[in-house]
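To start, the structure itself, in C-alpha cells.
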Amino acid sequence: MNTSTLPLALVAAVCALTACDRTQQVSMITYCRADVDCPGAYLCENFECVPKNAKTCENVNDGTPILQPTPHTVDFGTTTSNAPVEKKILLSNIGNCTLTLFETTLAKADAGLDCEFCGSNFPKEVFPGRNVELTLKWTPGEPVPQANEVRILSDDKEYPTFRLPVRANYIGSPNLTAAPNPVDFGYVAVGRQGKRNVTLTNRGTGTAPITISAITVDPPMSDFEVVQPMTLPRTLRPITRDSEALLSFEARFTPRSAGMPDGGGDTLGTLVLATSEGEIRVPMQGNSATPPRATVTPMMVNLGDVRLGTTVSRPITINNEGGAPLTVRTTWGGTRPSTDLSIAPQAIPNIAGGTFTEIQVVATATAEGPITGLLVLNLNDPARPNITIPVMANGVTGPGPEVVKIEMTYDNGSDNAFDNDVRDVDMTLEHPFGYVCNKRNPNPMNWGSYGQPSWLAFAPKEEPERIILADARTDGTYKVQVTYQQDCKSLPTALLAGILGISVDVLVDILTGGAVPIPGQDVGRLIEQVCLSRGGSAVGVKVYVNGMLIAEKSTSLGRRGDSAYVLDLVRRNGTFSVP
C-alpha cells in the first residue's frame with residue numbers, strides 16, 4: 001500500500017493493521033500540518049516531518065537563531081486595585097536554526113512580582129518559527145511605582161542577554177467614607193426640619209483619588225433631601241496626602257406626618273453617592289413619632305461621710321420614656337468643680353426608647369469637709385435639654401495615713417468643649433521601685449505598703465488628670481512624670497471624624513474612653529497624618545495632702561514624645577512633702 005500521501009492518523013491506523021515497524025512508519029510519513037502530527041523527534045516543515053536535529057545551527061547553512069520577545073516591554077499599567085494581574089510574553093525564534101534558552105531570571109528580588117517560567121526547565125530549545133510562553137504575575141503591594149526586568153540568556157548572537165523591562169504602578173486603593181454614618185437626625189417634630197452636615201473623605205492608600213459625581217436620596221420622594229454641593233463632580237485625594245480634601249454638604253429631614261416614615265423601620269432612607277469606584281450607600285434615619293423623654297432618679301445624690309482615701313459611689317438611673325434614642329453628655333458645673341467627684345462611665349451610650357441606663361456617681365475623699373458639685377446632664381429631650389443634679393459628700397478623717405492628690409492640667413484649647421485642639425498630655429506616678437500608676441495602669445494592685453494609687457481623667461479632653469495615693473505606710477520617694485502624647489494643635493473634628501467614618505460625638509467618646517471599637521493607636525496615627533498645625537504645651541502639677549496644697553510645679557513640653565519628671569514626692573516619717 002502506498003501511504004506517502006495519506007494523513008498521519010490514517011498512516012498510523014494502516015500500520016497498526018499491517019504491523020509495519022516504527023522505522024517504516026516514519027519513512028513513509030511525508031504529510032503533516034503541525035508538529036503534533038509528527039513523532040517526538042520530528043518537526044513539521046513544509047508539510048513534511050523532518051528530524052529536529054536537522055535544525056541545529058551546525059546543520060543549517062548560515063544558521064542564525066534570533067530571539068524576539070512579544071511585547072518588548074511588560075507594562076502592568078497604573079491601577080487602584082490590589083488584585084493579582086498576569087501578563088503573557090511570547091519568546092519567539094525568528095531565526096533559521098534552533099534557539100537555546102539557558103536561563104530567565106528577574107533582575108532584582110520583588111515580593112510582588114513572580115516569574116512562573118523563571119528558574120526551571122532549562123536549557124530549553126525553541127525551534128525556528130516556534131515560541132514558548134512566559135507568564136509574569138504581579139501582586140500589588142506598597143503603593144509606589146515599580147520597575148524591574150526579566151533577563152533572558154540565550155545563544156542569540158546579537159543579544160545573548162536580552163533585558164525585558166517590566167513596569168507597574170499601584171497608586172493605592174481609594175476608600176470613600178461618610179461621617180456621620182448612618183446619618184441619624186434623631187427626633188424631629190412634624191413641620192420642623194432637622195439638619196446634619198455630612199463630610200466625605202477619601203481614606204484610601206497612596207495617591208489613589210476618587211471622584212464623586214452625584215449625590216441623591218433613595219427613595220427620591222421621601223422626607224429626606226440633600227443640599228447639592230456646587231462643586232460636583234469633585235475628586236478627592238487621600239486625606240493623608242491632602243488634609244483639605246473634604247466634601248461637605250447638608251442633609252435634611254423634614255417629616256410630613258407623625259410616626260416613622262417608610263413603615264416604621266430604623267433605616268428610613270439612603271444617601272446614594274455615585275463615584276468613580278461605583279455606588280456607595282449610606283443609611284439615613286429619623287423619628288417623628290415620639291421624642292426622647294428623660295426621667296432621672298434620684299434628682300439629688302448625697303454620698304454621706306467618706307473617710308479620707310476611700311471611695312463611695314451611688315447609682316443614678318436615666319430612663320428614656322420616649323421613642324427616639326436619648327443622647328446624654330455630662331459636665332460638672334459650679335464655680336470650682338472638685339476632682340474628688342466623678343462619674344462612671346464618663347461616655348454614656350445612647351439610650352434607646354423604652355430603656356434605661358445606670359451611671360455611678362463617685363466620691364473619693366482627699367480632704368476633710370464638704371465635697372459638693374453639680375452634675376449637669378445635657379440631653380436631646382426637647383422638653384428637658386438640661387438636668388442638674390446636686391451631688392454632696394463629706395470628707396472625714398480616719399485612722400489611716402495621709403492621702404495625696406496630684407492634679408495635672410495642660411494647655412489644650414478650651415477645657416469645657418471639644419474643639420480643634422487635640423493636644424494630649426498624660427501623667428504617671430512612679431512607685432519608689434519603678435511600678436507605675438497612669439492611664440494604661442489606672443488601678444495597680446501591686447504597690448503593697450507603698451499605698452493604693454488610682455488614676456482618673458475627666459471628659460471631654462482627659463483634662464484635668466488626677467492621681468490619688470492612699471494608704472501609704474512605708475517611707476520612700478515617688479516621682480511624677482508627664483509625657484506629651486499628642487502635639488496636634490489644630491485638627492478640625494469634622495476632619496478626624498470623617499477620616500474615621502464616624503460622628504463627632506462618637507469621636508469625643510473615643511478620645512474620652514468610650515466603648516467604641518476603634519483602637520486608640522489608630523486614632524493617634526491618623527491624627528499624626530492629617531494634623532494641620534502643631535505646638536508645645538505648658539503643664540501644671542499641683543500636690544495636695546489631706547486637702548492642703550503643698551506644692552505647685554510647671555514645665556513645658558515641646559513636641560510629641562517629650563517627657564519630664566516634674567517633681568519628687570517624698571514620704572519621710574509618715575509625712576509627705578515635695579522638696
Legend entry - Complete set of residues in the range 107-130 that are in a strand (DSSP E or B) and under 30 Å from residue 240 (Cα atoms): 113
Inset, instruction - Starting from residues that are within 28 Å of residue 286 (Cα to Cα), polar (S, T, N, Q) and free of Cβ contacts under 8 Å to residues at least 60 places away in the same chain, keep the ones in the range 210-258 and report whichever is surrounded by the most Cβ atoms within 10 Å (Cβ to Cβ). - result: 222
Inset, instruction - Tell me the strands (runs of 3 or more DSSP E) entirely within the range 28-79 that contain at least 1 residues that are closer than 14 Å to residue 98 by Cβ, open to solvent by less than 60 Å² (accessible area, probe 1.4 Å) and modelled with pLDDT of 90 or more. - result: 42-45, 48-51, 67-70
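Of the residues 135, 98, which is under 30 Å from residue 61 (Cβ atoms), more than 29 Å from the chain's Cα centre (by Cα) and polar (S, T, N, Q)? So that I can check it myself, show each step before the final result.
Details: 135 fails: under 30 Å from residue 61 (Cβ atoms).
Exactly one of 135, 98 is under 30 Å from residue 61 (Cβ atoms), more than 29 Å from the chain's Cα centre (by Cα) and polar (S, T, N, Q), namely 98.
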Legend entry - Residue within the range 89-98 that is in contact (Cβ under 8 Å) with a residue 60 or more places away in the chain, under 30 Å from residue 171 (Cβ atoms) and either open to solvent by less than 70 Å² (accessible area, probe 1.4 Å) or among the charged types (D, E, K, R) (or both) present: yes
Inset, instruction - Please go through the range 548-577 and pick out each residue that is open to solvent by 30 Å² or more (accessible area, probe 1.4 Å) and under 14 Å from residue 478 (Cα atoms). - result: 565, 568, 572, 575, 577
Legend entry - Close pairs from the range 560-579: first in contact (Cβ under 8 Å) with a residue 24 or more places away in the chain, partner open to solvent by 70 Å² or more (accessible area, probe 1.4 Å) and part of a strand (DSSP E or B), Cβ under 6 Å, at least 6 apart: 565/479; 566/553; 567/553; 568/479
Inset, instruction - Identify the residue in the range 284-308 that is closer than 30 Å to residue 222 by Cα and part of a loop (DSSP other than H, G, I, E, B) and, among all such residues, is most open to solvent (accessible area, probe 1.4 Å). - result: 293
Inset, instruction - Say whether the condition of being modelled with pLDDT under 90 and in contact with an Asp or Glu (Cβ under 9 Å, 6 or more places away or on another chain) is met by at least one residue in the range 145-160. - result: yes
Inset, instruction - Exactly one condition in (1) over 23 Å from residue 97 (Cα atoms); (2) of a type in the set (Asp, Glu); (3) open to solvent by 50 Å² or more (accessible area, probe 1.4 Å); (4) in a strand (DSSP E or B) is not met by residue 133; state its number. - result: (1)
Legend entry - Conditions (1) farther than 19 Å from residue 405 by Cα; (2) assigned to a strand (DSSP E or B); number of the one not met by residue 346: (2)
Inset, instruction - Inspect the range 267-284 for any residue being within 31 Å of the chain's Cα centre (by Cα), modelled with pLDDT under 80 and among the small types (Gly, Ala, Ser) and give the result as yes or no. - result: no
Legend entry - Boolean, residue 188 is buried (at least 21 other Cβ atoms within 10 Å of the Cβ) and either hydroxyl-bearing (Ser, Thr, Tyr) or within 30 Å of residue 383 (Cα to Cα) (or both): yes
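This table checks each residue for (1) in contact (Cβ under 8 Å) with a residue 40 or more places away in the chain; (2) of a type in the set (A, V, I, L, M, F, W, C); (3) in contact with a helix residue (DSSP H, G or I) (Cβ under 9 Å, 6 or more places away or on another chain).
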position	(1), (2), (3)
103	yes, no, no
111	no, yes, no
114	no, no, no
122	no, yes, no
127	yes, yes, yes
137	yes, no, no
Inset, instruction - Looking for whichever is out of contact with any helix residue (DSSP H, G or I) (no Cβ under 8 Å at 6 or more places or on another chain), without any contact (Cβ under 8 Å) to a residue 40 or more places away in the chain, under 30 Å from residue 211 (Cβ atoms) and not aromatic (Phe, Trp, Tyr) here; the options are 168, 147. Which one fits? - result: 147
Inset, instruction - Taking only the range 279-310 into account, find how many residues are of a type in the set (Ser, Thr, Tyr), in contact (Cβ under 8 Å) with a residue 60 or more places away in the chain and closer than 30 Å to residue 321 by Cβ. - result: 2
Inset, instruction - Give the residues of the range 323-338 that are touching a residue at least 40 places away in the same chain (Cβ under 8 Å) and surrounded by fewer than 22 Cβ atoms within 10 Å (Cβ to Cβ), sorted by residue number. - result: 323, 325, 327, 329, 330, 331, 332, 333, 334
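Among 478, 435, which is the only one that is over 21 Å from residue 547 (Cβ atoms), touching a Pro at 6+ places or on another chain (Cβ under 7 Å) and modelled with pLDDT of 90 or more? Give the steps one after another, and end with the answer.
On the way: 478 fails: over 21 Å from residue 547 (Cβ atoms).
Of 478, 435, the one residue that is over 21 Å from residue 547 (Cβ atoms), touching a Pro at 6+ places or on another chain (Cβ under 7 Å) and modelled with pLDDT of 90 or more is 435.
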Inset, instruction - Please name all residue pairs, on different chains or six or more residues apart, with Cβ atoms under 9 Å, provided the first residue is in the range 190-201 and is under 9 Å from residue 253 (Cα atoms) and the second residue is of a type in the set (Phe, Trp, Tyr) and surrounded by 13 or more Cβ atoms within 10 Å (Cβ to Cβ). - result: 193/253; 194/185; 194/187; 194/253; 195/185; 195/253; 196/185; 196/253
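The values are calculated or read from the model by the stated rules, or taken from the named source; none is laboratory data. The shown structure was predicted, so the numbers you read here are calculated from the model rather than taken from an experiment. Here the Cβ is made from the backbone with ideal geometry for all residues, glycine too, and neighbour counts use every protein chain on show. Areas reflect the complete protein model, heavy atoms only, side chains present, ligands, DNA and RNA absent. Shrake-Rupley method; radii C 1.70, N 1.55, O 1.52, S 1.80 Å.
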